[in-house]
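Q: For reference, the structure I am asking about is given below.
The values are calculated or read from the model by the stated rules, or taken from the named source; none is laboratory data. Note that the structure is predicted; figures quoted are calculated from it, not measured. Note: ideal-geometry Cβ built from the backbone for every residue, glycine included; neighbour counts use all protein chains shown.
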Amino acid sequence: MVDLSGLAQALTFGLIEASVIALGAVGLTLSYGVTRFINFAYGEFLAWGAFTVVFLVAIAPALPLPLAVAVAVVAVGFMGVAVSGAFFEPIADRGGLPLLITSIGVAFVLRYLLVAIASTDARSLPVPLQRPVEWMGVGLTPVQAVVIGVAALAMLAIHGVLQYTTLGTVMRATSGNRELATVAGIDTEAVVRRTWVISAGAAALAGVLYTVLYAPVRPTFGFGYLIIIFAATLLGGIGRPYGAMLGAVLIGVTISVGSAYLSPAYDQAYAFIVLVVVLLVRPEGIRRGTF
Amino acid sequence: MAIVTGWVAFVVTVATIACIYGLLTIGLNLQFGFTGLLNFGHVAFFAAGAYTAAIVSMPPPGTVPGARYMIGLAVPMPAGLLLTLAAATLMGGVLAALIGVSAIRLESHYLAIATFALAGIFYDVLVNERWLTNGTFGMTQVPKPLRATLGADAWALAYLLFAAATLAVVYLLVGRLLEAPFGRVLRGVRESTAAAEMLGKDTDRIKLVAFSLGGAIAGLAGGVYAHYIGSVVTGQFVAGVTFTVWAALLLGGVASHRGAVVGAFILVAFQQSTRFITTAYDAAVAAFPDTLGVVLTALAAPLPGHPAFLPSVRFMIIGLLFILVIRFRPAGVLGDPQEVTVMGSEE
């Protein structure tokens, strides 16, 4: 029965990582829904979220951590709007490819602006080191439990916005057909801006959770983690938030089980093998549904 | 014989690296500029070539202290250089073919993600498979052919000539290929895969050939690079290389054969010359301690002092280059706006 508890532990670690991936994947997929391009700059919002909290804690040590996280999420959310307004919206009518290539430039600018400010040193957040609490052979630290809880609450909040608010309705309409939504009298530019707040904010929160789990982190971690977020997003079907959540769980568990039973050196590779299989099984590419 | 000193040595170095990046950019242009294939993993083919050249030419592991790699074929130099470069070219092409067989059918944006991720995995392999690559420590005794005979200065010049000749040969060969009917088919596939298929072209095979050729050219660049630097270390093959090559291609002009090489030279010259900003700053402050020196010191005072600051500014400028070229001049310096349809709106 030792094997069984080992597997349960690996699955648990998978769920913990999935909570970070899910937030990132849902955020990425939401902005894809209304902007229709693959955003290579998205990973930088994770790093900016994490390091905004690092900066806040350094400037004002008395600030409670949850408050610092909330400030960072809002700040990076508006940074997303600013980045979109400055770089993406002006060429939004030129199609997906110029936007995709522009996003690489944006990724470089954001990433190395952060490096220029913070240097390449690895940083941590003031989170206590804890012993895991054992329950039926599965260990989980209170901090890890909080990470899962925060991610789950954030998912619920995004679900609530999508399904039960006017913003959610117009977001879904814009995602389905931006031109039609414009004709129908929806201010789609405002919808795009609000979607960026949610999308970049979700990334910032994902970055903070990532740092809580895997500290110390360098300001360049976002770009590397992007592959994993892409894998979850594409697995769920790009533009589909609920698919992204499911994709995140599958990718998280795959990484964790692969690391535990094969080799921990290739964690990204497991995520990518899943991605390649999905792409090959559906050679026409993953269907782009609405929601 | 110290004729190759100071500025001359710097120019020789920049020109040699620019020739190597010129090869990389020609390869990427063949894939993206002429065939429309979004390759975001170019560095993997470059690395495959460099490591192949290293493994074929390094001394056997028993003779190198601290070696953890298990294969070093030690082909004799300089005659073996052709062999190592052929092997590097072949390996770059084979890796591209392997990736292409699985990924080439993907819609362009998914191909971008797939190649980006595959390059990341290839990097993980280089770091982890120490028996083959010596891990992060790297293969540090790649022979520099004729270096001992010629001495450092003459060798640097000779190797520049060799790199330039390699670039010229590849430039002419690829130029012929692009003028040939095959070049028109590539453009046809780029403009409309569906139309090319209607005309009875096997578009998957054509894309695969173009992708593999681009990979082979990058592999050759890797071989030339390995014997120039004399060591092959994982830190040289990060994703930043891929995007530097992209920046060179965008700057020079997508789908412009000449532009690809010009872009590589401009970009490498820019990258290398920014290394001298601190030297120039120190010299200026020392030369004019009163007025200019005070102004400069005051201007620089609020800037962070950590060593990553200047390199990160260099990368920010490369990022801005992407943004500005796409927005204001999609044809780059030498591109033909009529040809750069890949950068416009898609179907």
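Q: Do the conditions hold for B:I318, that is, is it surrounded by 14 or more Cβ atoms within 10 Å (Cβ to Cβ) and within 14 Å of chain A (Cβ to nearest Cβ)? Explain how you work it out, then say what you get.
A: Working: surrounded by 14 or more Cβ atoms within 10 Å (Cβ to Cβ): yes; within 14 Å of chain A (Cβ to nearest Cβ): yes.
Considered against the rule, which asks whether it is surrounded by 14 or more Cβ atoms within 10 Å (Cβ to Cβ) and within 14 Å of chain A (Cβ to nearest Cβ), B:I318 comes out as yes.
Q: Out of B:P302, B:P289, B:P337, I need the residue that is touching a Pro at 6+ places or on another chain (Cβ under 9 Å) and part of a loop (DSSP other than H, G, I, E, B). Which one? Even if it seems obvious, please write down each step before you answer.
A: Numbers: B:P302 fails: touching a Pro at 6+ places or on another chain (Cβ under 9 Å); B:P289 fails: touching a Pro at 6+ places or on another chain (Cβ under 9 Å).
The unique qualifying residue is B:P337.
Q: When you look at A:L246, is it free of Cβ contacts under 8 Å to residues at least 12 places away in the same chain, under 14 Å from the mean Cα position of the chain (by Cα) and at negative phi, yes or no?
A: Details: free of Cβ contacts under 8 Å to residues at least 12 places away in the same chain: yes; under 14 Å from the mean Cα position of the chain (by Cα): yes; at negative phi: yes.
Taking the combined requirement at face value, the residue satisfies it.
Q: Also, quick follow-up: Take B:T203 and decide whether it is under 30 Å from A:R36 (Cα atoms), among the β-branched types (V, I, T) and away from chain A (no Cβ under 13 Å).
A: Numbers: under 30 Å from A:R36 (Cα atoms): yes; among the β-branched types (V, I, T): yes; away from chain A (no Cβ under 13 Å): yes.
When the stated conditions are applied, B:T203 passes them.
Q: From the list A:A58, A:A70, A:A47, which residue is of a type outside the set (V, I, T), assigned to a helix (DSSP H, G or I) and closer than 30 Å to A:P98 by Cα? Don't jump to the end; show me each part of the working.
A: Details: A:A58 fails: closer than 30 Å to A:P98 by Cα; A:A70 fails: closer than 30 Å to A:P98 by Cα.
Matching residue, one of A:A58, A:A70, A:A47: A:A47.
Q: Same structure again: Can you say whether A:V26 is over 19 Å from B:L321 (Cβ atoms), assigned to a helix (DSSP H, G or I), of a type in the set (V, I, T) and at pLDDT below 95, as far as the supplied structure shows? Outline the logic, then answer.
A: Numbers: over 19 Å from B:L321 (Cβ atoms): yes; assigned to a helix (DSSP H, G or I): yes; of a type in the set (V, I, T): yes; at pLDDT below 95: yes.
In short, yes.
Q: With (1) within 29 Å of A:L209 (Cβ to Cβ); (2) part of a helix (DSSP H, G or I) as the list, and A:P128 as the residue in question, which single condition is left unmet?
A: The single condition A:P128 does not satisfy is (2).
The rows are residues; the columns are (1) buried (at least 24 other Cβ atoms within 10 Å of the Cβ); (2) more than 23 Å from B:A148 (Cβ to Cβ); (3) touching a Gly at 6+ places or on another chain (Cβ under 8 Å); (4) not polar (S, T, N, Q).
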position: B:V8; (1), (2), (3), (4): no, no, no, yes
position: B:V12; (1), (2), (3), (4): no, no, no, yes
position: B:A18; (1), (2), (3), (4): yes, yes, no, yes
position: B:T25; (1), (2), (3), (4): yes, yes, yes, no
position: B:S57; (1), (2), (3), (4): yes, no, yes, no
position: B:V75; (1), (2), (3), (4): no, no, no, yes
position: B:L81; (1), (2), (3), (4): no, no, no, yes
position: B:L90; (1), (2), (3), (4): no, yes, yes, yes
position: B:A96; (1), (2), (3), (4): yes, yes, yes, yes
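Q: Further question on the same structure: Considering only the stretch A:73-123, how many residues are more than 9 Å from chain B (Cβ to nearest Cβ) and of a type outside the set (G, A, S)?
A: 10
Q: Can you find a residue in the stretch B:122-138 that is over 20 Å from the mean Cα position of the chain (by Cα), under 21 Å from B:A216 (Cα atoms) and hydrophobic (A, V, I, L, M, F, W, C)?
A: Yes: one or more hits.
Q: Of the numbered conditions (1) among the aliphatic types (A, V, I, L, M); (2) more than 30 Å from B:S57 (Cα to Cα); (3) within 19 Å of the chain's Cα centre (by Cα), B:A195 satisfies every one except a single condition; which is it?
A: Tallying (1) among the aliphatic types (A, V, I, L, M); (2) more than 30 Å from B:S57 (Cα to Cα); (3) within 19 Å of the chain's Cα centre (by Cα), B:A195 fails exactly one: (3).
Q: Can you name the condition, by its number, that B:I113 falls short on among (1) outside any loop (DSSP other than H, G, I, E, B); (2) in contact with a Gly (Cβ under 8 Å, 6 or more places away or on another chain)?
A: Only one criterion in (1) outside any loop (DSSP other than H, G, I, E, B); (2) in contact with a Gly (Cβ under 8 Å, 6 or more places away or on another chain) is unmet by B:I113, namely (2).
Q: Which of (1) in a helix (DSSP H, G or I); (2) modelled with pLDDT of 90 or more is the odd one out, the single condition A:P219 does not satisfy?
A: Result: A:P219 fails condition (1) only.
Q: Note down all Cβ pairs under 8 Å where the first residue falls in the stretch B:12-41 and is more than 19 Å from B:L186 (Cα to Cα), the second is part of a loop (DSSP other than H, G, I, E, B), and they're at least six residues apart or on different chains.
A: Hits for this filter: B:V12/B:V4.
Q: Tally up the residues in the stretch A:253-267 that are surrounded by 16 or more Cβ atoms within 10 Å (Cβ to Cβ) and not small (G, A, S), please. Steps first, please.
A: Of all residues in the stretch A:253-267, those surrounded by 16 or more Cβ atoms within 10 Å (Cβ to Cβ) come to A:253-260, A:266-267.
In the following step, the residues that additionally are not small (G, A, S) were identified as A:253-255, A:257, A:266-267.
Looking only at that region, the number is 6.
Q: Select, from B:A210, B:A180, B:A168, B:A158, the only residue that is over 30 Å from A:A231 (Cα atoms), at pLDDT 90 or above and either among the aromatic types (F, W, Y) or within 18 Å of the chain's Cα centre (by Cα) (or both).
A: On the way: B:A210 fails: over 30 Å from A:A231 (Cα atoms); B:A180 fails: either among the aromatic types (F, W, Y) or within 18 Å of the chain's Cα centre (by Cα) (or both); B:A158 fails: either among the aromatic types (F, W, Y) or within 18 Å of the chain's Cα centre (by Cα) (or both).
Step by step, each of B:A210, B:A180, B:A168, B:A158 is checked, and only B:A168 is over 30 Å from A:A231 (Cα atoms), at pLDDT 90 or above and either among the aromatic types (F, W, Y) or within 18 Å of the chain's Cα centre (by Cα) (or both).
Q: Tell me, which residue of the stretch B:292-301 that is modelled with pLDDT of 75 or more and loosely packed, with under 11 Cβ neighbours inside 10 Å is nearest to A:L113 (Cα to Cα)?
A: For the stretch B:292-301, the residue satisfying everything is B:L299.
Q: Here's something else I'd like to know. Restricting to the stretch B:229-262, give me the number of residues that are away from chain A (no Cβ under 14 Å), assigned to a helix (DSSP H, G or I) and closer than 30 Å to B:D124 by Cβ.
A: Residues in the stretch B:229-262 being away from chain A (no Cβ under 14 Å), assigned to a helix (DSSP H, G or I) and closer than 30 Å to B:D124 by Cβ: 3 in total.
Q: Considering each residue of the stretch B:305-332, count those that are out of contact with any Ser or Thr (no Cβ under 7 Å at 6 or more places or on another chain) and more than 30 Å from A:E89 (Cβ to Cβ), and give that number.
A: Residues meeting the conditions: 4.
Q: Okay, moving on. For the stretch A:14-54, name all the residues that are in contact with a strand residue (DSSP E or B) (Cβ under 9 Å, 6 or more places away or on another chain) and surrounded by fewer than 24 Cβ atoms within 10 Å (Cβ to Cβ).
A: Just the residues of the stretch A:14-54 that are in contact with a strand residue (DSSP E or B) (Cβ under 9 Å, 6 or more places away or on another chain), to begin with: A:16, A:47, A:50-51, A:54.
Residues satisfying the conditions are A:I16, A:V54.
Q: So for the stretch B:126-142 (the condition being buried (at least 19 other Cβ atoms within 10 Å of the Cβ), at pLDDT 90 or above and within 14 Å of chain A (Cβ to nearest Cβ)), does at least one residue qualify?
A: Within the stretch B:126-142 (the criterion being buried (at least 19 other Cβ atoms within 10 Å of the Cβ), at pLDDT 90 or above and within 14 Å of chain A (Cβ to nearest Cβ)), the answer is yes, since at least one residue qualifies.
Q: Listed residues A:L46, A:L56; which is at pLDDT 90 or above, more than 20 Å from A:W196 (Cα to Cα) and away from every other protein chain (no Cβ under 14 Å)? Before you say what the answer is, go through the steps one by one.
A: Values: A:L46 fails: more than 20 Å from A:W196 (Cα to Cα).
Of the residues listed, the single one that is at pLDDT 90 or above, more than 20 Å from A:W196 (Cα to Cα) and away from every other protein chain (no Cβ under 14 Å) is A:L56.
Q: Here's a follow-up. If a residue must be outside any loop (DSSP other than H, G, I, E, B) and buried (at least 16 other Cβ atoms within 10 Å of the Cβ), how many such residues does the stretch A:73-95 contain? Give the derivation first.
A: Applying the first criterion (outside any loop (DSSP other than H, G, I, E, B)) to the stretch A:73-95 yields A:73-94.
Next, from what is left, pick out any that are buried (at least 16 other Cβ atoms within 10 Å of the Cβ): A:73, A:75-77, A:79-81, A:83-84, A:87-89, A:91-92, A:94.
Selection size over the stretch A:73-95: 15.
Q: Among what's in the stretch B:101-120 and is surrounded by fewer than 20 Cβ atoms within 10 Å (Cβ to Cβ) and not polar (S, T, N, Q), pick the residue that is nearest to A:I228 (Cα to Cα). Quick ask: steps written out before the conclusion?
A: Keep residues of the stretch B:101-120 that are surrounded by fewer than 20 Cβ atoms within 10 Å (Cβ to Cβ), which gives B:101-102, B:105, B:107-109.
Subsequent filtering for residues that are not polar (S, T, N, Q) retains B:101, B:105, B:107, B:109.
Numbers: B:V101: 23, B:R105: 22, B:E107: 19, B:H109: 16 Å.
Residue satisfying both the conditions and the ranking: B:H109.
Q: Further question: Evaluate the stretch A:55-71: report whether one residue or more is touching a Phe, Trp or Tyr at 6+ places or on another chain (Cβ under 7 Å), surrounded by 16 or more Cβ atoms within 10 Å (Cβ to Cβ) and aliphatic (A, V, I, L, M).
A: Step one: filter the stretch A:55-71 for residues touching a Phe, Trp or Tyr at 6+ places or on another chain (Cβ under 7 Å), giving none.
Taking every residue of the stretch A:55-71 in turn, none turns out to be touching a Phe, Trp or Tyr at 6+ places or on another chain (Cβ under 7 Å), surrounded by 16 or more Cβ atoms within 10 Å (Cβ to Cβ) and aliphatic (A, V, I, L, M).
Q: Out of B:A148, B:A88, B:A79, which single residue is of a type in the set (G, A, S) and under 20 Å from the mean Cα position of the chain (by Cα)? Outline the logic, then answer.
A: Working: B:A148 fails: under 20 Å from the mean Cα position of the chain (by Cα); B:A79 fails: under 20 Å from the mean Cα position of the chain (by Cα).
Answer to the selection: B:A88.
Q: So, one more: Could you go through the stretch A:179-192 and let me know if any residue there is in contact (Cβ under 8 Å) with a residue 40 or more places away in the chain, assigned to a helix (DSSP H, G or I) and not aliphatic (A, V, I, L, M). I'd like the intermediate steps shown before the answer.
A: Going residue by residue through the stretch A:179-192, those that are in contact (Cβ under 8 Å) with a residue 40 or more places away in the chain are A:188-189, A:191-192.
Cutting the leftovers down to assigned to a helix (DSSP H, G or I) gives us A:188-189, A:191-192.
Narrowing the set further to residues that are not aliphatic (A, V, I, L, M) leaves A:188-189.
Checking the stretch A:179-192: at least one residue is in contact (Cβ under 8 Å) with a residue 40 or more places away in the chain, assigned to a helix (DSSP H, G or I) and not aliphatic (A, V, I, L, M).
Q: Of the residues that sit in the stretch A:260-272 and are part of a helix (DSSP H, G or I) and free of Cβ contacts under 8 Å to residues at least 12 places away in the same chain, which one is farthest from the other protein chains (Cβ to nearest Cβ)?
A: Restricting attention to the stretch A:260-272, the residues satisfying the condition of being part of a helix (DSSP H, G or I) are A:260-261, A:264-272.
This time we only want the ones that are free of Cβ contacts under 8 Å to residues at least 12 places away in the same chain, so: A:264-266, A:269.
On the way: A:P264: 10, A:A265: 4, A:Y266: 6, A:A269: 5 Å.
Top of the filtered list is A:P264.
Q: While we're on this one: What pairs come out if I take residues in the stretch B:98-124 that are more than 9 Å from chain A (Cβ to nearest Cβ) and within 19 Å of B:I206 (Cα to Cα) and pair them with residues that are among the aromatic types (F, W, Y) and in a helix (DSSP H, G or I) whose C-beta lies under 8 Å away, six or more apart or interchain?
A: Pairs found: B:I99/B:F211; B:G100/B:F211; B:I104/B:F211.
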